[in-house]
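Everything below concerns the one structure shown next.
The values are calculated or read from the model by the stated rules, or taken from the named source; none is laboratory data. A quick note: this is a predicted structure, and the numbers were derived from the prediction, not measured. Neighbour counts are summed over all protein chains in view; Cβ atoms, including those assigned to glycine, are modelled from backbone coordinates with ideal geometry. Surface areas here come from the heavy atoms of the whole protein model, side chains and all, with no ligands, DNA or RNA. Shrake-Rupley method; radii C 1.70, N 1.55, O 1.52, S 1.80 Å.
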Amino acid sequence: MNGSPKILNALHNTQGKRTEVLLRPISSGEEHRSAGAGAAIPFSPYQSLIPSKKVMAGTGSSMLLSFLLFTVVLSVQEIYRGKLASSELFTILGGFSSAVLFLLSLTFIGNFQESSGMKTGWGAVILSEAIALIAASTFPVLCRAAL
């Protein structure tokens, strides 16, 4: 590639005006000093596309949030047990809530194992599936639909 700028994309800002993003190829070892950062960081032409703030939750907060959501979904599922078993559409909603319980329990177990220094394996998946099946077994309609 030559050193000429290349247009990556045309962006539209909130006023509807078109803004062109120019990117140029970089040579290996080229660095860019960000304003105020004080330290040289490798320059990437896609730097504006990478989020600058941390976007993932930590292990502890993810584990706590998944446990709280699991408790809320299970409580709502048990409170509205009769309503969820009353019609075919609500039975599908009950099955979906059991799938959400599986996902939340797998997230909790995986984060717990990661915080303990263990790797998450198929045992966590089987345990999460067993938890979701036990929760779904409180609906006789869901049990018949699964068979």
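Among residues of segment 86-110 that are within 15 Å of Glu129 (Cβ to Cβ), those with a beta-carbon under 6 Å from a residue that is assigned to a helix (DSSP H, G or I) and at pLDDT below 90 at least six positions away or on a different chain give the pairs Gly95/Leu142; Ser98/Ala135; Ser98/Ala136; Leu101/Ala135. The listed residues are Ser116, Ser34, Ser52, Ser48, and the only one of them that is over 15 Å from the mean Cα position of the chain (by Cα), at pLDDT 65 or above and among the hydroxyl-bearing types (Ser, Thr, Tyr) turns out to be Ser116. Tell me, which residue of segment 62-85 that is free of Cβ contacts under 8 Å to residues at least 12 places away in the same chain and under 18 Å from the mean Cα position of the chain (by Cα) is surrounded by the fewest Cβ atoms within 10 Å (Cβ to Cβ)? Per the criteria, the residue is Leu68.
Count of segment 122-147 residues, restricted to those that are open to solvent by less than 40 Å² (accessible area, probe 1.4 Å) and at pLDDT below 90, is 5.
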